[in-house]
1. DSSP loop (so not H, G, I, E, B), at most 12 other Cβ within 10 Å: list which chymotrypsin sites (Phe, Trp or Tyr not before Pro) in region 1-107 pass both filters.
2. Hey, which lysines would be in cross-link range of LYS48, C-alpha to C-alpha under 29 Å, not counting anything within fewer than 8 residues on its own chain?
3. Once the cut-off is 15 Å, how many percent of the Cα-Cα pairs in region 10-77 end up in the long-distance tail?
4. Quick one: work out the % antiparallel among DSSP beta bridges in the chain, nearest 5.
5. Using θ = phi - 60° and the Karplus form 6.51 cos²θ - 1.76 cosθ + 1.60, what ³J(HN,Hα) does each residue of region 139-145 get, whole Hz, x for Gly and Pro?
6. Going 7 Å from the Cα of ARG96 toward and past its Cβ, which residues in region 109-143 have a backbone nitrogen under 20 Å from where you end up?
7. Can you give me the P(r) profile for region 34-188? Cα pairs, bins 5 angstrom wide beginning at 0, each as a whole percent.
8. If the chain between ASP34 and THR158 were fully stretched, how many nm would it gain, using 0.36 nm times the residue separation less the Cα-Cα distance?
Amino acid sequence: MSRAVIAFDRLATLLLGLLLIVGGLAGIAWWRGDLGLSGPLNVDAVAKQTEQPWWPWVTGLVGAALVLLGLRWLAAHVITRGVGQVRLPGTGKAGRLTAQVNPVADAAATVLEGTEGVRSCRGTIQRDRGQLVARLRATIEPQADLREVAAAADGVATDLKKVLGRDDLHCLVTVHVARRPRNLARVT
């Protein structure tokens with residue numbers, strides 16, 4: 001969620017709260033007779049408007065607009081952590097140097113996957129609480145040498161920082177151990 005969405009939510013909550021308080025106080029004042037209204041309210045004018053031929057169309061359009069507005073509001077609250085591109089060092093006033101991060105993360109995962117004992121690896125680069133984080137998820141064989149895998153993961157993390165030229169890049173490598181060793185092809 002962006003700061004603008006959070007600010008809008010807080011403002012909308014404040015306004016709705018104030019509207020409910022004023023409405024509640026007006027209801028209490030009307031019930032006590034403090035508003036100077038005597039007898040029941042006359043709603044004949046409103047009832048006549050609802051019988052007009054345009055009323056269902058306007059009601060439907062307003063309802064559809066509210067549904068679309070509600071869907072937009074819900075979509076704004078979906079947490080998106082994915083990063084499409086990052087700004088590279090050397091960016092000046094004359095132009096902007098950027099790099100697509102998904103191919104870089106895929107290449108890092110492929111390099112880690114080439115380590116002996118690593119069955120598979122996937123990589124992404126995300127924003128997590130304002131920080132740029134490279135996440136590599138590796139599945140290793142049960143008999144893999146953890147020191148070798150850890151050294152390879154450290155090397156890949158260092159290379160990622162060098163490739164992107166970002167000192168603020170944090171690397172998180174998650175290692176899952178496979179339950180069974182990979183079945184080798186049978187020779188007949």
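Only the coordinates and a few stated rules stand behind these numbers; no lab work does. It should be emphasised that the depicted structure is a prediction, and the values quoted were computed from it without experimental measurement. All Cβ positions, glycine included, derive from the backbone under ideal geometry; neighbour counts span all protein chains shown.
1. When the chymotrypsin sites (Phe, Trp or Tyr not before Pro) of region 1-107 are filtered for loop state and at most 12 Cβ neighbours within 10 Å, TRP54 remain.
2. Those lysines meeting the cut-off do not exist here.
3. 74
4. Antiparallel bridges make up about 60 percent of those DSSP assigns within the chain.
5. Per residue, the Karplus-derived 3J(HN,Hα) values read 10, 10, 6, x, 9, 5, 7 Hz.
6. 125-128, 130-133
7. With a bin width of 5 Å, the distribution comes to 2, 7, 12, 11, 9, 8, 8, 6, 5, 5, 4, 4, 5, 5, 4, 3, 1, 0, 0, 0.
8. Between ASP34 and THR158, full extension yields 37.2 nm more.
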